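Just below is one structure, and these are the notes that go with it.
The values are calculated or read from the model by the stated rules, or taken from the named source; none is laboratory data. Just so you know, these numbers come straight off a predicted model, no measurement behind them. Backbone-built Cβ (ideal geometry, glycine too); neighbour counts: all protein chains shown. The protein model used for the area step is the full one, side chains on, heavy atoms only, and it has no ligands, DNA or RNA in it. Shrake-Rupley method; radii C 1.70, N 1.55, O 1.52, S 1.80 Å.
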Amino acid sequence: MIKNSQLKVATFNLYNYLAPPDAFYDFQRIYSAEQWAKKQRWLADYLKNQQPDIIGFQEVFSINELKQQVNAEGYPYFAVVDEPTVIDDFIYRDPVVAIASRYKIIAVSQVEAEQDDILAMGLSASFNFSRSIIRATLEVPHIGHVDCYVVHFKSKRSMLHHQDDESHSEQQNVVMQLKSQALGRWASSMQRGSEAALLLVEIIKRRAHTNNPVIVMGDFNNELHDGVLNHLIADHLRFSGHRQNSPSRSEFKLQDSWQLYQRHVVTENDREATHYFGSSSSVFDYILLSREFDAGFQGSFFEVVDYHTYDQHLINPQFAYDDQSTDHGVVMVTMKLRD
């Protein structure tokens, strides 16, 4: 039997992973010792039961605590590229992303867009990713160096906030609130879409330089096939003249792991949502793969044989166990070494 013939990759929004007595966002939001223990136990149980080899985390406040916890669960390699913001000594904002791996991380860097690309999009020179993006190069059995990107794109929350002015009429305040919502939500979409486009450009440039296989995982805060983000999978990108059918085109293409999995199964399945808001549900959490993980590519190493969304805590929660879990489903793909 071939050793390490399977590769499991997961993306996990931890939802305010912050050890007490520190607070997240305001001074009242502090886990009790019991709540924190339950949150850590829920994560530990997931790792023990699902056994991902590589996992990208979002909403990390307590970096050292997470590093210690995953290390105890068999993940000796761990990396972050940023730190959360701390105000008033104990109130945390701006959580970061992290990566944990059973396989050696040989290089880590923060993805930074080039100024020329930012300006070419008509953005302000001060534009930056709303949350730092990790690029970690891992030494993965059978395939060698793999560039893993962990992202948490800008949320859909409005970037503009209106406070009622007592000197204005009720109608004036309503109009101003509607204005801030319309402009603010579109500003969030522009930020999110710009982040995705600039990330893709950096992936393409890196790929051209190293030819490393690519895995992108994270909370996209948007449906991938929405117009704001669909350039990430590059299906709609067009080349001029003879390059339209160039074999090298697939070299820079990323594919949704769900679509690759659907090619493997006999009957098409429904995709489970990873986030719920009121009566609506969406897939916000994704794992994208380069052609080395696509069985349709003759030179691929792995093929996607399973796609699993861990969502019992969302659709059928047991309060005593799940109340300190997460508000996202946890997505994991299993890839098998091709014969």
**Q.** Filter result (open to solvent by 20 Å² or more (accessible area, probe 1.4 Å) and acidic (Asp, Glu)) within the stretch 282-321
**A.** Glu303, Asp306
Q. Which residues, counting only those in the stretch 6-30, are at pLDDT 95 or above, more than 23 Å from Asp82 (Cα to Cα) and of a type outside the set (A, V, I, L, M)?
A. Gln6, Lys8
Q: Just give me the residues in the stretch 63-75 being touching a strand residue (DSSP E or B) at 6+ places or on another chain (Cβ under 6 Å) and either in a helix (DSSP H, G or I) or more than 29 Å from Lys336 (Cβ to Cβ) (or both), in sequence order.
A: Leu66, Lys67, Val70
Q) Which members of the stretch 322-332 meet the condition of being surrounded by fewer than 19 Cβ atoms within 10 Å (Cβ to Cβ) and not in a loop (DSSP other than H, G, I, E, B)? A) Asp322
Q | Filter result for the condition that a residue is among the polar types (S, T, N, Q) and at positive phi, over Asn71, Asn16 | A | Asn16
Q: Could you list, in sequence order, all residues of the stretch 87-130 that are in contact (Cβ under 8 Å) with a residue 60 or more places away in the chain and in contact with a strand residue (DSSP E or B) (Cβ under 7 Å, 6 or more places away or on another chain)?
A: Phe90, Ile91, Tyr92, Arg93, Pro95, Val97, Val111
Q) Does the stretch 40-62 hold any residues that are among the charged types (D, E, K, R) and assigned to a strand (DSSP E or B), and which are they? A) Glu59
**Q.** Qualifying residue in the stretch 56-78 (condition: acidic (Asp, Glu) and open to solvent by less than 30 Å² (accessible area, probe 1.4 Å))
**A.** yes
Q.
Under 9 Å between Cβ atoms, which residue pairs at least 6 apart in sequence (or on different chains) link something in the stretch 11-38 that is in contact (Cβ under 8 Å) with a residue 12 or more places away in the chain and of a type in the set (A, V, I, L, M) with a partner that is open to solvent by 30 Å² or more (accessible area, probe 1.4 Å) and assigned to a strand (DSSP E or B)?
A. Leu18/Tyr92; Ala23/Tyr92
